[in-house]
Amino acid sequence: MTTGIDTDATDLADALRNGRMSALEAVDEALGQIRRLDGALNAFVTIDEDGARATARALDEQRAAGSVCGPLHGVPIAIKDVTATKGLRTTQGSRLFANFVPKADALSVSRLREAGAIILGKTNTPEFAFGAVCTNDLCGPTRNPYDTTRTSGGSSGGSAVAVATGMAALAQGTDFGGSVRMPASFCGIVGLRPAPGTIADLDRSLAFSQLATEGVLARSVRDAFLMLGAMSGSDPRDPLSIASVPCGHLPDRARIAASLDLGGSFPVDHEVASRFEEACAEIETILGPLQFAAPDMTGAFATFKTLRAAESWFRSRALVEKHADQLSPSFVWNVRQGEPLSAEDYLKAEAMRSAIWRRAMAFFERFDLLVMPSCSILPFANEQEEVLEVGGQRLGSIIDYLAPTAIISLIGFPALSIPAPRRPGALPFGLQLVVPPGREPLLREMACRLERNGFRHVPPELAAFGSTHGGASDR
């Protein structure tokens, strides 16, 4: 058996548990893939080859003694470079942290290690994960494996590319306004943003904030939920954490709503609109009738931008005021959006979020599942950091094209990006499936049904990529 791009992590984990493959074989194959591909793609910032192989040997010895570590025993994974990994460089995509080595793991990383996962290294991100283009002054851009002149998306673009190309079986990411779902869409894989609190987080300075959460990038739906299961669970030190991913009743026939733009909440690229229409027709043949309808999201994206700006200014003001000359203009711009906001502005936005959340909950009394695009555009040029026009409509700011995912972040609903069926020669395009909190079993079931019927990862053509690794540093 191989761990390659055609094997999902669930099958790999089963093979590792049952002795059909050793952890060292799995790691060596993943490292070989990194050496072959990453010089062209630049997904990894740091590779821990020695550490990964040592962990693999220890797990193989453990299995030989009759013990399996956990559900991810021996599975090679990648961690986004904003998440702390003990003893392994964590740059956060910034020159200021170019040589920073954490003394402790983030809680999610600790849980992944306990589940038996083997960390191959850290994946690229824009500076401090601010941005939907995966580039920074420290490491440069991560390239889309379906067209290396195009962006991989962000901010978890390195993780998405690592998974899409088989350099890692699974990858961890973070998602504030769409940083898991957008790169998943651009790279033709599955991206899962769970409800806030599903993955406990001890590192948030604003412990009660629900805008950001960690998430999962995977090649299949079942893989995404396998990794989520290893990362999730409550912790008394996180006030938002919940006990586990719910296991609920599945209706005989789901009531499905579909919306291209959430009632005109954002403009959409013409090709995205065409492919969304095609995908909805396919969905009806697989899941049954759907109705074009959307919750009332009036004011939602403006509310998200206010809350995002306020939180960013609070968290990063001192950094910008002290080190602006060493930070990317994009990061500084993002942080300074919060500078003119008042406490009243913030509280008005929180009140608006409450009203929008209630309207969304009322909508889901009539529907079980909402289908919408994961992104309003297709992957754009890699050197293009700004998107100022979508579907012929000028945008108000350089982050406005994030609206399809950011609005869902605002209300805190679980969301999953899955690949839509590919047109020949076309770039990947993702569908975002949304359910209210507590309906994750339905989300998984509906996504799996679609995946079995063509809504699945189709690997990129990798033969043209070079064989020399030239991106990340080894430790």
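Quick note: the coordinates plus some simple rules give every number you see, no bench work behind them. Bear in mind that the values here come from a model prediction, so they are computed numbers and not experimental data. All Cβ positions, even for glycine, are placed from backbone atoms using ideal geometry, and neighbour counts span all protein chains on display.
Points worth noting:
- Global form of the range 374-465, assessed from the alpha-carbon gyration tensor, a/c cut-off 1.5: oblate
- For the range 157-200, the spread of Cα coordinates along the three principal axes comes to 30, 18, 14 Å, biggest extent given first.
- Counting 0.36 nm for each residue step from ALA464 to HIS270 and taking away their Cα separation leaves a gain of 66.8 nm.
- Pairs of lysines in the chain whose Cα atoms sit within less than 28 Å of one another amount to 12, provided the residues are eight or more positions apart or on different chains.
- Isotropic mean projected area of the C-alpha convex hull, the range 44-83 (nm²): 3.2 nm²
- Stokes-Einstein translational diffusion, the range 235-296 - Kirkwood Rh over all Cα pairs, 0.890 mPa s, 25 °C, in µm²/s: 166 µm²/s
- For GLY93, the residues whose amide H sits under 5 Å from its own are PHE128, ignoring neighbours fewer than 5 places away on the same chain, with H placed 1.01 Å from N.
- Neighbours of PRO196 by Cβ distance under 12 Å: Lys/Arg scored +1, Asp/Glu scored -1, total -2.
- Applying both filters, DSSP loop and at most 12 other Cβ atoms within 10 Å, to the chymotrypsin sites (Phe, Trp or Tyr not before Pro) of the range 96-180 gives PHE100.
- Debye intensity ratio I(q)/I(0), log10, the range 252-352, q values 0.12, 0.21, 0.24 Å⁻¹ (C-alpha model): -0.64, -1.00, -1.15
- Here the chain carries DSSP beta bridges of which approximately 65% are antiparallel, counting only pairs with both residues inside.
- The Cβ shell under 9 Å around PHE429 holds other residues with a net charge of +2, Lys and Arg each +1, Asp and Glu each -1.
- Whole-Hz Karplus values for the range 167-181 come out as 6, 9, 6, 8, 8, 8, x, 10, 9, 9, x, x, 6, 9, 6 Hz, taken residue by residue from phi with 6.51 cos²θ - 1.76 cosθ + 1.60 and θ = phi - 60°; glycine and proline positions read x.
- The range 21-105: Rg to Rh, with Rh as the Kirkwood radius over Cα pairs: 1.02
- Legend: Rg and Dmax of the range 1-160, from Cα coordinates, 15.8, 49 Å.
- Per-residue Cβ neighbour rank within 10 angstrom, fewest leading, HIS73, HIS457: HIS73, HIS457
- Overall dimensions of the range 295-366 as given by Cα atoms, namely Rg and Dmax in Å: 15.3, 52
- Ellipticity estimate at 222 nm from DSSP helix runs (n ≥ 4, -39,500 (n - 2.57)) divided over the chain, nearest 500: -11500 deg cm²/dmol
- When THR298, THR285, THR405 are sorted by how many other C-beta atoms sit within 10 angstrom of their C-beta, beginning with the fewest, the order is THR285, THR298, THR405.
- Positive-pole candidate from ILE118, GLY39, ALA106, dipole of the range 24-129, charges at beta carbon: ALA106
- Spatial separation of Cα centroids for the range 391-420 and the range 310-371, in angstrom: 14 Å
- Using θ = phi - 60° in the Karplus curve 6.51 cos²θ - 1.76 cosθ + 1.60, the 3J(HN,Hα) couplings for the range 75-86 round to 7, x, 10, 10, 10, 4, 7, 9, 9, 5, 10, 4 Hz; x is entered for Gly and Pro.
- Shown in residue order for the range 273-279 are the 3J(HN,Hα) couplings computed by the Karplus curve 6.51 cos²θ - 1.76 cosθ + 1.60 at θ = phi - 60°: 4, 5, 6, 5, 4, 4, 5 Hz (x for Gly and Pro).
- Reduced Cα scattering model of the range 88-176, Debye log10 I(q)/I(0), q = 0.11, 0.17, 0.18 Å⁻¹: -0.31, -0.73, -0.82
- Long-range amide H partners of GLU389 with built H, under 5 Å: LEU395
- Percent of Cα-Cα distances greater than 20 Å, calculated over the range 327-410: 54 percent
- Sorted fewest first by neighbouring Cβ atoms within 10 angstrom, MET231, MET361 come out as MET361, MET231.
- Rg and Dmax, both from the Cα atoms of the chain and both in Å, are 20.7, 63.
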